[in-house]
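Below is one structure, written out as structure tokens, with a few remarks after it.
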Amino acid sequence: MTSNAKEKMIAMASNVSIKSKTKIFQKIFLHIFLPLVLGAIVYLLGRQNVLLNADIYFLKKYFYKSFVAIHKHSILLYNAPDFCWDYSLASALFFWGKKYASGRRFFPIIILALLLASEFIQLLMPTIFTFDWIDVLAAFFAFMLSYLLNYRK
Amino acid sequence: MKKSFFLLLGILSFYAITFIATEPVVKPCNGDCANYERLRTYFLKDSNTIYGVQWCGRQLPYDSLCVYIKDTTRKDWNALADSVCMISTNFNLPKRHVFVINNLGTAPDTLVKESCP
């Protein structure tokens, strides 16, 4: 093999590696970071009296009114952020599982159980949390969507 | 310990924090707290005279209501204190004393101290 061909092969390999890394970052951004940020935006500006927005009255003062219209669509305000959180968590765990727990059949079931547990645990502490069956459905759909997009071969 | 374990622990911890961060800060307001909120709303709504109502007193649980006024031109503060006594009883918040306070100046000025019947 000539040195020219070798150089070409090294360049191609490095190109593939860069592309692969970019793809991973894109996936992390799209499936983990973005849903979390979208959910957080709804919590920050559309919901009142949660730890996340306790100290940003100045923001709420200006943006809350624009979210009042959304109040009519309570699913968007109360269930969509939970769906985003569930989807983001499921995706993060699927990415972890793909690298460290591949071939373990029960791994997706563990993730589903974790997501559902995060909802049903709210039944035990009714003064702090609000249990909602729509959230349970949202968790299930978030799991399914994340499984189809991130884990299924 | 493996790197993968710490990564998993990090992921779960991060999501646990975000889970807790989206829960309500304040405990539900029931009983006296709810009655007090109703009373406060009642007084502040469309009022040109009152700008604040607060539980007050020297010891817990507070046995008095402090009414802060913003219109110093009105003179009959005893009548206002009487009304506050009566209305707070109607809201299931009987109080022993009502203070009418003007703190628009440099220091708070108690205009009336009324003992409720």
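Table: residues versus (1) within 12 Å of chain B (Cβ to nearest Cβ); (2) at pLDDT 70 or above.
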{"position": "A:61", "(1), (2)": "no, no"}
{"position": "A:65", "(1), (2)": "no, no"}
{"position": "A:69", "(1), (2)": "no, no"}
{"position": "A:83", "(1), (2)": "no, yes"}
{"position": "A:97", "(1), (2)": "yes, yes"}
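Report every pair of residues separated by at least 6 positions or lying on different chains whose Cβ atoms are under 6 Å apart, first residue within segment B:9-20 and facing another protein chain (nearest Cβ under 7 Å) and under 11 Å from residue A:88 (Cα atoms), second in a helix (DSSP H, G or I) and not acidic (Asp, Glu).
So the pair list comes out as B:11/A:92; B:15/A:89.
Is it true that some residue in segment B:44-64 is at pLDDT below 80, part of a helix (DSSP H, G or I) and away from chain A (no Cβ under 14 Å)?
Yes, segment B:44-64 contains at least one residue that is at pLDDT below 80, part of a helix (DSSP H, G or I) and away from chain A (no Cβ under 14 Å).
Against the definition (modelled with pLDDT under 80, within 12 Å of chain B (Cβ to nearest Cβ) and within 17 Å of the chain's Cα centre (by Cα)), how does residue A:78 come out, yes or no?
Answer is yes for this residue.
Which residues, taken from segment A:119-128, are modelled with pLDDT of 75 or more, within 10 Å of another protein chain (Cβ to nearest Cβ) and in a loop (DSSP other than H, G, I, E, B)? Show your work before the answer.
Within segment A:119-128, the first condition is being modelled with pLDDT of 75 or more, and the residues that meet it are A:119-125.
Narrowing the set further to residues that are within 10 Å of another protein chain (Cβ to nearest Cβ) leaves A:121-122, A:125.
Answer for segment A:119-128, where residues must be modelled with pLDDT of 75 or more, within 10 Å of another protein chain (Cβ to nearest Cβ) and in a loop (DSSP other than H, G, I, E, B): just A:125.
Among the residues of segment A:20-58, write down those that are modelled with pLDDT under 75, part of a helix (DSSP H, G or I) and under 23 Å from the mean Cα position of the chain (by Cα).
A:44, A:45, A:46, A:51, A:52, A:53
In segment A:73-101, which residues are free of Cβ contacts under 8 Å to residues at least 24 places away in the same chain and either in a loop (DSSP other than H, G, I, E, B) or among the hydrophobic types (A, V, I, L, M, F, W, C) (or both)? Even if it seems obvious, please write down each step before you answer.
At the first step, the residues of segment A:73-101 found to be free of Cβ contacts under 8 Å to residues at least 24 places away in the same chain are A:73-74, A:93, A:96, A:99-101.
A:73, A:93, A:96, A:101 - these are the residues of segment A:73-101 that are free of Cβ contacts under 8 Å to residues at least 24 places away in the same chain and either in a loop (DSSP other than H, G, I, E, B) or among the hydrophobic types (A, V, I, L, M, F, W, C) (or both).
The values are calculated or read from the model by the stated rules, or taken from the named source; none is laboratory data. Predicted model, so just to flag it, every value in this text is computed and none were measured. Glycine also receives a Cβ, built like all others from the backbone with ideal geometry; neighbour counts cover every protein chain displayed.
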